[in-house]
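So the structure is just underneath, and the comments pick up after that.
The values are calculated or read from the model by the stated rules, or taken from the named source; none is laboratory data. These numbers were taken from a predicted model, which means no experiment stands behind them. Positions of Cβ are backbone-derived with ideal geometry, glycine not excepted, and every protein chain shown enters the neighbour counts.
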Amino acid sequence: MKNDENLSSDDKAFSTAVETAPLNDHNVNTQEVLKPPITETGVIGWLKSNLFNSPLNTLVTFFILFCFYKIIPPFVKWAFIDSVWFGPASGCQAGEGACWAYIPSNIRFVVFGLYPAQEQWRALIAMFIMVGTVVYSRKRERWNTSLIYVWGFGTLLVAILLKGGLLGLAPVESSKWGGLVLTLLLSVVGMTAAYPFGIVLALARRSNMPAIRTMAVVYIEMIRGVPLISLLFMSAVMFPLFLPEGVTINKIFRAQTAIILFTAAYIAEVVRGGLQAMPKGQYEAAESMGLNYWQMMRLVILPQALKIVIPPTVGVLISAFKDTSLVAIIALYDLLRTCQSTLSDPKWMGFSNEAYIFIAGIYFIFCYAMASYSRRLEDELSAGQSH
Amino acid sequence: MDINKNDFIIKIKDMHKWYGEFHVLNNINLNVSRGERIVICGPSGSGKSTLIRCINRLEEHQRGSINVDGIELTDNLKNIEKVRTEVSMVFQHFNLFPHLTILENLTLGPIWVRKMSKKNAEEIAMEYLAKVQIAEQAKKFPGQLSGGQQQRVAIARSLCMQPRIMLFDEPTSALDPEMVKEVLDVIISLAEEGMTMLVVTHEMGFAKSVAHRVIFMDGGMIIEENNPEDFFSNPQNERTKLFLSQILY
């Protein structure tokens, strides 16, 4: 028994242990309460003990300060002081600083790609629905069956909006989908499909049935053994060769499938780690209660195992998000590719720094949101569960 | 309490089990009457835990037969699940579900296995929590309780399944000494209500006061069985004598 709370009133019937209490009172009365010694005093003390506590550390500190001095002021000058924020490209040619005017002039193409200008509102709403569904799903109290309907409905809406040809919306060829819209589509659909598929693969890999286990092992090891780029190439170049003549399958759909298959294999290995970390007693307690396999997994094992592996899972999902940029290699116009093509416009040719900083910012916002959400989720899930 | 010596709820006949080449259970024959309380003791590795784990098929036996309340234990999953709803187990390390509150730990089985309504299951759970004197902790998580409290919760969780048989696998061996009594008190109160139980334990005082029958196992075999008075005062087998002389000091 670690603390007094545990000896609460319910223990009256079993209170023999509590009778040692007078001994503690005695100690408190005769001895002053000892506090831990104070080790650091103020800012100076902190600096001394952390940055200047040895000759080598002092040297390293000065070296880093020197680097900061060399890098930060010129960057601030370039990015904020000498920079041009609005206007046409010609306004930038004279200036020394950053040409942020690149962003307002090109943002439409970067975000929407070749999507027809008068229909871009549809793609915009589709993006809001995708992000909105993800944001809506963040709360644990919403994780129930109705969430599946929310996702189903959201997916349907996004498909109708992007594709058109229904409800009086003009049809838009999927070859015209691009930019941030395409990046979000590939990653949101990719992650949400890969996660449950990965869990099923992990369970299959730990199955008692040799055939299922072998299939899962072969699948996971094969997928992990090749780079995503080669899977994308296969989906774009090789796969159509196997189809009967006249049948074509949408290129985005094929790339999407490749991303899901690839990500799921990595998720599976992460989840398997979590399953292996579960103590045997948890399985036995669930089994001895009469729960069947799926009930045991869903109610007892997976909630704990998936929680343990939140950090590596988010790692996999974040790299999956960034890896969607590889679809550029099979000529899909994702965010990175639309950005690059704006730079081939002679007017904006010299401003790749600004362009890449801009899309790096977009990638960063999404990745950082995922990372900080995962930290919050971990805290929430462990609240109250331990001492 | 009288027990009907012919109304057997568990029938184990010529049962064997091996772990690889190791013969962990060797020709076990054991009949347990309805309402009977059996304490199983023996040196570690003697197969006593494995024996009771065979009764709810956490372990498979390889020869002979085990019949629990009329159901033969085979590979048939449906039968196994049926037996498990009748047979509850309390483990040495409690095995509470750390991600669920105490109340949720107790209602999980009744809701999903017994198909009880949530409200109904919670009422029953609170009743049993009160019985093990821990009702105030219903909203806490297992990690916030002491070992003794956790084991009492585990017993309440087993009771919520309203089993006919309870198996205890060294229920007090993982506890700090000052918490053993609170757990044994709960088990004794169950005994007074006539629950059929098999208890693997080294608490010999408990065995003397509660058991109808004490079984001594060594090397995977039942070496000796007797009523507690004769078992402790007049052991027959040399190995039993040696074992008792080593644990009673």
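The rows are residues; the columns are (1) farther than 30 Å from A:Ser83 by Cα; (2) loosely packed, with under 11 Cβ neighbours inside 10 Å.
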{"position": "A:Gly113", "(1), (2)": "no, no"}
{"position": "A:Thr145", "(1), (2)": "yes, yes"}
{"position": "A:Trp151", "(1), (2)": "yes, no"}
{"position": "A:Ile160", "(1), (2)": "yes, no"}
{"position": "A:Lys163", "(1), (2)": "yes, no"}
{"position": "A:Pro171", "(1), (2)": "yes, yes"}
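Would it be correct to say that A:Tyr149 is part of a helix (DSSP H, G or I), among the hydroxyl-bearing types (Ser, Thr, Tyr) and more than 30 Å from A:Ile365 (Cα to Cα)?
Details: part of a helix (DSSP H, G or I): yes; among the hydroxyl-bearing types (Ser, Thr, Tyr): yes; more than 30 Å from A:Ile365 (Cα to Cα): no.
The answer is no for A:Tyr149.
Give just the number: which of (1) within 12 Å of chain A (Cβ to nearest Cβ); (2) part of a helix (DSSP H, G or I); (3) surrounded by fewer than 23 Cβ atoms within 10 Å (Cβ to Cβ) does B:Gln149 not satisfy?
Every listed condition holds for B:Gln149 apart from (3).
Out of B:Leu103, B:Leu108, B:Leu198, report the one residue that is buried (at least 19 other Cβ atoms within 10 Å of the Cβ) and within 12 Å of chain A (Cβ to nearest Cβ). If you could, list the steps in order and put the result at the bottom.
Numbers: B:Leu103 fails: within 12 Å of chain A (Cβ to nearest Cβ); B:Leu198 fails: within 12 Å of chain A (Cβ to nearest Cβ).
Criteria check complete, one pass: B:Leu108.
Scan the stretch B:86-100 and give yes if some residue there is within 27 Å of B:Ser173 (Cα to Cα), part of a helix (DSSP H, G or I) and in contact with a helix residue (DSSP H, G or I) (Cβ under 9 Å, 6 or more places away or on another chain), otherwise no. Write out each step before concluding.
First pass over the stretch B:86-100, keeping only residues within 27 Å of B:Ser173 (Cα to Cα): B:86-100.
Next cut, part of a helix (DSSP H, G or I) only: B:86.
After this cut, where a residue has to be in contact with a helix residue (DSSP H, G or I) (Cβ under 9 Å, 6 or more places away or on another chain) as well, the list is none.
No, the stretch B:86-100 has no match at all.
What helices (runs of 4 or more DSSP H) completely inside the stretch B:182-249 contain at least 1 residues that are in contact with an Asp or Glu (Cβ under 7 Å, 6 or more places away or on another chain) and among the polar types (S, T, N, Q)? Show your work before the answer.
On the way: elements: B:204-210, B:228-233, B:238-247.
Result: B:238-247.
Just to be sure, is B:Ser65 within 30 Å of B:Phe243 (Cα to Cα), without any contact (Cβ under 8 Å) to a residue 24 or more places away in the chain and either more than 11 Å from chain A (Cβ to nearest Cβ) or not in a helix (DSSP H, G or I) (or both)? Steps first, please.
Working: within 30 Å of B:Phe243 (Cα to Cα): yes; without any contact (Cβ under 8 Å) to a residue 24 or more places away in the chain: no; either more than 11 Å from chain A (Cβ to nearest Cβ) or not in a helix (DSSP H, G or I) (or both): yes.
Taking the combined requirement at face value, the residue does not satisfy it.
Select, from A:Phe242, A:Phe233, the only residue that is of a type in the set (Phe, Trp, Tyr) and modelled with pLDDT under 80. Even if it seems obvious, please write down each step before you answer.
On the way: A:Phe233 fails: modelled with pLDDT under 80.
Unique residue meeting the criteria: A:Phe242.
Check every one of the helices (runs of 4 or more DSSP H) wholly within the stretch A:215-300 and list those with 3 or more residues that are free of Cβ contacts under 8 Å to residues at least 40 places away in the same chain. Step through it out loud before you land on a result.
Details: elements: A:228-233, A:251-277, A:280-288.
It comes to A:251-277, A:280-288.
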